[in-house]
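Have a look at the structure below, then the notes.
The values are calculated or read from the model by the stated rules, or taken from the named source; none is laboratory data. This structure is a prediction, so every number in the text was calculated from the model and none was measured. Here the Cβ positions follow ideal geometry from the backbone for every residue, glycine too, while neighbour counts run over all protein chains shown.
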Amino acid sequence: MSKNEKFIRVTKQAYGVAPLVLENRLARALDEGVSRYPIYRVVHFAARVELEVLFDAIALDPAWRVERLNIDSAIIDGEGVFISVWGSRKADYCSCWFYVWAADVAHAEAAKERLYAKAGSTLITEPMFSIEWMYPTGRGLESVWIDELADDVLRDRAYPEIEDGVRGFIARYLAARETVLVLQGPPGTGKTRLIRAILGEMSQRKEVPASALYTGDTCALASDEIFARFITGQHDAFVVEDADHLLKPRCDGNEQLHRFLTIADGVVRSHGRKIIFSTNLPNIGDLDEALIRPGRCFARVHVRALTPTEALELAADIASEDSEKLARATAALAENRKRPLAEVYAALR
């Protein structure tokens, strides 16, 4: 090396084997003046099979070389394709994400079909929605994805405070220009069940799983990062449960609400995506007026406990023709007092 030549040193931190391998290959390809993986796809599905069984079938396919990093992640390396694999398990199904880099569209589509074939008849075809759960770490915000079946059955009797029925309410909210929905009421009154139904209806309309950004962590909401992620990403909704600390008036020292006001109906807007809060705050005066003003907030629904008569009518509706189940529920609900929705469902179980 002559005295006029200089070294250039680049330092890159890698938090996994897959990005390390991929970035090294991309760097070499650029240095050689070639294009190695110009096509990128994400393949995502859920299947009613053990995650280990599905990953074993993928790993033993002779069409590619597979390295298992641990029980829920792997790397697939094949002709014209590189795939980073991640999976998670629930009680009766698993969810898988495949991040596919390919030499061309044909290789990407062939890999997609081969991956779907591994799930076979176990592939879940019912509507689902996905939650990206954000949380802070020493490296900043990180997230995990959770798939949920959109199988919640909502009944009008469970929400007597919603006029014209639950389905009509959800349809109007999804069609409205307003972004914000606030579900307010005591624990166990059905707020989470209603949120799940909204996300499920989004999936039904899109015919692909809707996705929601989710957090309840005050540290995650203390910076602009998560809000920028929502505005620039592909999420259909931003869900914050137990958001008591976020919804109180700013004059009481609430320093975090202004970011939600901006993305709901400010200079930077969420472009038709929805922001859903649930809170246990009991009174309308507990909420900042700017959040629930017309044009920004579609509705503030105050869900409540059911009267004894409403609880029995709902139990009869759910039990339908199962007389034994109804008898058990009637006995469990015999005490003459108001019941949160959760108690009615518990009595039926």
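Values for this structure:
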| quantity | calculated |
| --- | --- |
| Residue list for the range 198-240, restricted to those being surrounded by 13 or more Cβ atoms within 10 Å (Cβ to Cβ), assigned to a loop (DSSP other than H, G, I, E, B) and of a type in the set (S, T, N, Q) | T215, S223 |
| Counted residues, the range 39-95 - those being within 19 Å of H107 (Cβ to Cβ) and either in contact with a His (Cβ under 9 Å, 6 or more places away or on another chain) or of a type in the set (S, T, Y) (or both) | 7 |
| Qualifying residue in the range 300-319 (condition: farther than 30 Å from F227 by Cα, modelled with pLDDT under 90 and not acidic (D, E)) | yes |
| Selected residue [at pLDDT 95 or above, buried (at least 16 other Cβ atoms within 10 Å of the Cβ) and under 25 Å from R273 (Cβ atoms)] from F169, F82 | F169 |
| Unique residue being acidic (D, E), surrounded by 15 or more Cβ atoms within 10 Å (Cβ to Cβ), modelled with pLDDT of 90 or more and not assigned by TED's automatic domain parsing to the domain that holds E142 when the list is D104, D61 | D61 |
| Which numbered condition R193 misses (of (1) touching a strand residue (DSSP E or B) at 6+ places or on another chain (Cβ under 9 Å); (2) surrounded by 14 or more Cβ atoms within 10 Å (Cβ to Cβ); (3) of a type outside the set (V, I, T); (4) not in a loop (DSSP other than H, G, I, E, B)) | (1) |
